[in-house]
Amino acid sequence: MSRIPPARRIVFWQPIASPHQEAFLEAVAARFSGEVILGYEDWLPASRRQQGWPPCRFERVTAVDISDPQNWARLAGYGTATDVHVFTGFFSHPLVWRGFFQLQRSAARLAIFSEAPEQPWWNGWIKRLRGRALATRWQKRFFCVLACGEIGCRFFTQSGFSPNKVLPFGYFLADHSPPLESQGQMAPPSLAPAQGLAHQPPLEQTSSGRVRFIYAGQFVPRKGVDILMRAIATIGSGEWHLDAYGDGPLRNSLETLLEQPRMRARIRLHGVVPNHDLPPLLARADWTLLPSRFDGWGVIVNESLAVGTPVICTDRCGASCLVQDDQMGRVVQAGSVASLAAALESAIGGGPVQTVRRTQLTATAATFSASPAAEFFLATVAGGPDATRVRMQQWLL
């Protein structure tokens, strides 16, 4: 077995500079002895800004605009055996795809970092065909696939990638753990609780007895907001309230629902909230709701658990793998009004979430943060032992 040369440069090719990947990239750069580069096609599209996404503020990562042909050519020219390239979104973004196509002929080591794509009935077969074509033609060129959640792992293994190459992964929140010393050898990941989690500790809750639900996201069919409203309409007695933050084409239908006297007192629609204002709102709720028909990940699950608020999400959300027991929340069947309604009824029956449970959730969620994810990734780059894979699988699958 040939020795893997130490990496000297890691390039992440991505459609945008996503704030949901900022913490992970910064943690990699803090632990890596070489250069970490983010090549992006679009810094942050207007549509994402309108959803409340903030722009990234990198301190250690070098951000490069690959829409500039000279910048693209420079990154595509890093083709030695000590260069590592990680591709996200090359099926849908031509500059990322061109970068991969150029580098697949080089000596560089290549990897994929991806969610499972949404696969609606009218074009899902095309996406599955693309996945199979990728695995058939170029599987040998990738040393790993960082697949988001169980649904991501399932998509890539069913596409034909070897299960040995498909590693469970996701999106990660920031922590303030001190960086490890890196001298070319990558330490295996430690999933012990990270200290100094960026979010505030759980807030003390009022004793009104009312269970508070929160939804934050787009008001679109994919997010299952209509399913949520139908499920809520079936709920009988009980003290509860829903705050819904966001906007989208379903807002008018939600406003129509509020014309019913029984709903008007229980549901409040808010506008879009900036992402950095979301954690305190989540901390004041008892349950966060993510009723999506499909979500490649769903970072609000991380954000909610990090502030001690359990989650009700569907089995078609990549981040549902984080909800591992009843303390952390409930995973319901996507598209099922009855399944969601039963989970809501159960949450209402349990009453407001107590502070001790919130504290436990926060401590547990801290283990799934940027520092251990970066250590896991760098251990994989360095050809680390299979134990690194097992430890991440224990958390994610």
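The values are calculated or read from the model by the stated rules, or taken from the named source; none is laboratory data. None of the values given here were measured: they were computed from a predicted structure. Quick reminder, even Gly has a Cβ in these numbers, built from the backbone with ideal geometry, and neighbours come from all protein chains shown.
Let me spell it out: the conditions are (1) buried (at least 16 other Cβ atoms within 10 Å of the Cβ); (2) out of contact with any Asp or Glu (no Cβ under 8 Å at 6 or more places or on another chain); (3) in contact (Cβ under 8 Å) with a residue 40 or more places away in the chain, and Gln354 meets all of them except one. Which number is the exception?
Here Gln354 meets the rest and fails (1).
Which condition does Leu305 not pass, out of (1) modelled with pLDDT of 95 or more; (2) over 19 Å from Asn275 (Cα atoms), if it passes all the others?
(2)
Among residues belonging to segment 127-151 that are in a helix (DSSP H, G or I) and closer than 26 Å to Arg31 by Cα, point out the one that is nearest to the chain's Cα centre (by Cα). So that I can check it myself, show each step before the final result.
Going through segment 127-151, the residues in a helix (DSSP H, G or I) turn out to be 127-141, 149-151.
Next cut, closer than 26 Å to Arg31 by Cα only: 141, 149.
On the way: Arg141: 25, Gly149: 8 Å.
Within segment 127-151, the match that is nearest to the chain's Cα centre (by Cα) is Gly149.
Looking only at segment 33-66, filter to residues that are of a type in the set (Phe, Trp, Tyr) and surrounded by 17 or more Cβ atoms within 10 Å (Cβ to Cβ); which one of those is nearest to the chain's Cα centre (by Cα)?
The first filter runs over segment 33-66 and keeps only residues of a type in the set (Phe, Trp, Tyr), leaving 40, 43, 53, 58.
Narrowing further to those that are surrounded by 17 or more Cβ atoms within 10 Å (Cβ to Cβ): 40, 53.
Working: Tyr40: 18, Trp53: 14 Å.
If we take residues in segment 33-66 being of a type in the set (Phe, Trp, Tyr) and surrounded by 17 or more Cβ atoms within 10 Å (Cβ to Cβ), then Trp53 is nearest to the chain's Cα centre (by Cα).
Can you go through Arg128, Arg141 and tell me which one is under 18 Å from Phe90 (Cα atoms), in the same structural domain as Arg109 (by TED's automatic domain parsing) and in contact with a strand residue (DSSP E or B) (Cβ under 8 Å, 6 or more places away or on another chain)? Show your work before the answer.
Working: Arg128 fails: in contact with a strand residue (DSSP E or B) (Cβ under 8 Å, 6 or more places away or on another chain).
Just a single option satisfies the conditions, and that option is Arg141.
Inside segment 207-260, can you point out the residues that are within 26 Å of the chain's Cα centre (by Cα), charged (D, E, K, R) and outside any helix (DSSP H, G or I)? Outline the logic, then answer.
Of segment 207-260, the ones within 26 Å of the chain's Cα centre (by Cα) are 212-229, 231, 242-251.
Now restrict to residues that are charged (D, E, K, R): 212, 222-223, 226, 243, 247, 251.
Within segment 207-260, Arg212, Asp243, Asp247 meet the criteria.
What single numbered condition from (1) at pLDDT below 95; (2) buried (at least 18 other Cβ atoms within 10 Å of the Cβ) fails to hold for Tyr245?
The one condition Tyr245 does not meet is (1).
Just one of Ser18, Ser47 is of a type in the set (Ser, Thr, Tyr) and farther than 13 Å from Thr88 by Cα; which is it? Please lay out each step first, then the result.
On the way: Ser18 fails: farther than 13 Å from Thr88 by Cα.
Sole residue among the options that is of a type in the set (Ser, Thr, Tyr) and farther than 13 Å from Thr88 by Cα: Ser47.
Name the residues in segment 287-297 that are buried (at least 24 other Cβ atoms within 10 Å of the Cβ) and in a loop (DSSP other than H, G, I, E, B), would you?
Correct list: Pro291, Ser292.
Hey, which of the helices (runs of 4 or more DSSP H) in segment 1-93, taking only ones fully inside, have at least 3 residues that are touching a residue at least 24 places away in the same chain (Cβ under 8 Å)? Give the derivation first.
Details: elements: 19-31, 46-50, 69-76.
By residue number, 19-31, 69-76.
Which residues, taken from segment 92-118, are among the small types (Gly, Ala, Ser), at pLDDT below 95 and surrounded by fewer than 17 Cβ atoms within 10 Å (Cβ to Cβ)?
Ser92, the sole residue that qualifies.
Search segment 313-344 for residues being without any contact (Cβ under 8 Å) to a residue 40 or more places away in the chain and under 24 Å from His276 (Cα atoms), and hand back the single one that is surrounded by the most Cβ atoms within 10 Å (Cβ to Cβ).
Here the residue is Cys313.
So which residues in segment 156-171 are within 24 Å of Pro372 (Cβ to Cβ) and part of a helix (DSSP H, G or I), if there are any at all?
Those that are within 24 Å of Pro372 (Cβ to Cβ) and part of a helix (DSSP H, G or I): Phe156, Thr157.
Just a yes or no: is a residue in segment 263-286 closer than 19 Å to Val353 by Cα, surrounded by 16 or more Cβ atoms within 10 Å (Cβ to Cβ) and without any contact (Cβ under 8 Å) to a residue 24 or more places away in the chain?
no
For residues that are among the polar types (S, T, N, Q), under 19 Å from Gly349 (Cα atoms) and out of contact with any helix residue (DSSP H, G or I) (no Cβ under 6 Å at 6 or more places or on another chain), tally how many sit in segment 214-258. Before you say what the answer is, go through the steps one by one.
Start the filter on segment 214-258 by keeping residues that are among the polar types (S, T, N, Q), which leaves 218, 234, 237, 252-253, 256.
Keeping just the survivors that are under 19 Å from Gly349 (Cα atoms) gives 234, 237.
Right, trim to out of contact with any helix residue (DSSP H, G or I) (no Cβ under 6 Å at 6 or more places or on another chain) and you get 237.
Total satisfying the criteria: 1.
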